Structure formats: structure tokens, C-alpha cells
Amino acid sequence: MVLHKAYMPRVLIEMGFISNTTEGAKLDSDEGQDEIAQSIANAIISYKKEYFGSGDGDVIVKPSQKAEPVKTTIIDTVSKPKTVVKIPEIKKTEPKKEINPEGIGEVIFKVQLSASSKKLDLTPSNFKGLQKISMSGDVNLYRYMYGETSNYEDAKQLLQEAKSKGYASAFLIAFKNGKKIDVKEALKQ
């Protein structure tokens, strides 16, 4: 019931039961808490890499690494002083800019992932982590496409990536000057 109507990626983590003597001891120990926290952090980073790509700033926490605590005293009338631990910031990489982003005069290949009567937000989480999703269509049918390149070999790689993410029926499509053209015709050009 905790996860039932949450419309986002979600997970429920059970680390153990305090009523179980062995698990309770592990949950109460510093080593056990560190091991659990490390496993959760690594799982989150692994999920991010699989579905949103990896950036240069990604950090996998290993048992020998510990974030250095930054001592900060917080004074209020209810609680004791606390220690705040700063987590390393994950940096986003900027996408490479294309010389001709509109593709005017050149053939552009895309991978059509699916067609649906349902309009979806073009976020990676809605497309198994794939980025650079575009959409065309009208009220009755929306076509969802992945990637964009003028190089046919790169397009074939994008197609393989889409298929590896579970889009078994994905296929290549081509455009010239914003109009869809046959892929065979595009290859002649």
C-alpha cells in the first residue's frame, strides 16, 4: 500500500526486523548501519547510471571511503547538538551542441520507439532511461522517437541501444527538411 499510487520511480527498502535478534543487532550497530547505507547509496547511483546516463562526478561509496563529517552545532531547546555530513555533489555534463540542430538540408535519422494514443511527458523515466526523446503526432496518435543523427551508423547504434532497453519493435525513420522520408531514399542521399 505504501507504493501503490505513487506515480514516479519508487522503491520500498526493508533492512531487517528489530524483533529478530540477529537483524536487530545489525541494525543497531554502526558497522551494520554503514553497510546498509552504502548498499542503498550504490543502488541509487547504479539506477541513475542505467536510466539517466553517468556523469563524470558520480561517486560509488566503498567501505574504505567515508564522507568527512563537518561539525556544525545546531542549538535549540528540544534536541542535542548534531553532526552534519556533506555529500559530494554530482555534476551534470552539458550536452554537445550540434552545428546544424534543425537539420536543414540534411537527412536526420531517429529511432521510433512506439506509437500511442496516450500523451507522455518526454522525460527519461518514461522511456526506460533513454534521453533525447521527441514526439510527433496529433490528438489521436503520438509517435515517440529516440535520438537524432545524420550518420546512419550512429543511428543503427541508437536502434541497438533502444532494443537493449526493451523496445524490441523499434525501427529507424528518416527526415529531410522536417518531413518524414523513406529510409532507403535517405541512404541514397
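Taking R0 as 25 Å, what FRET efficiency do you get between Asp34 and Arg10 from their Cβ-Cβ distance, rounded to the nearest 0.05?
Rounded to the nearest 0.05, the efficiency is 0.50.
Beyond a 27 Å Cα-Cα separation, which of these cross-linked pairs lie in this structure: Lys163/Lys188; Lys48/Lys119; Lys48/Lys156; Lys128/Lys156; Lys118/Lys163; Lys48/Lys176? Before the final figure, lay out the partial values.
Numbers: Lys163/Lys188 25 Å; Lys48/Lys119 24 Å; Lys48/Lys156 24 Å; Lys128/Lys156 19 Å; Lys118/Lys163 21 Å; Lys48/Lys176 34 Å.
Result: Lys48/Lys176 exceed 27 Å.
Mind giving me the nanometre distance, one decimal, between the label points for Glu106 and Ser134, set 7 Å out from Cα along Cα→Cβ?
Between Glu106 and Ser134, the simple spin-label model gives 1.3 nm.
Return the distance in nm (one decimal) between the two label points of a simple spin-label model at Ile18 and Ser116, each offset 7 Å from Cα along Cα→Cβ.
4.1
Read the figures in this text as sums done on the coordinates, not as results from a lab. In this text the structure is predicted, and so the values were computed from the model without any measurement. Don't worry about glycine lacking a Cβ; one is built from the backbone with ideal geometry, like all the others, and counts go over all protein chains shown.
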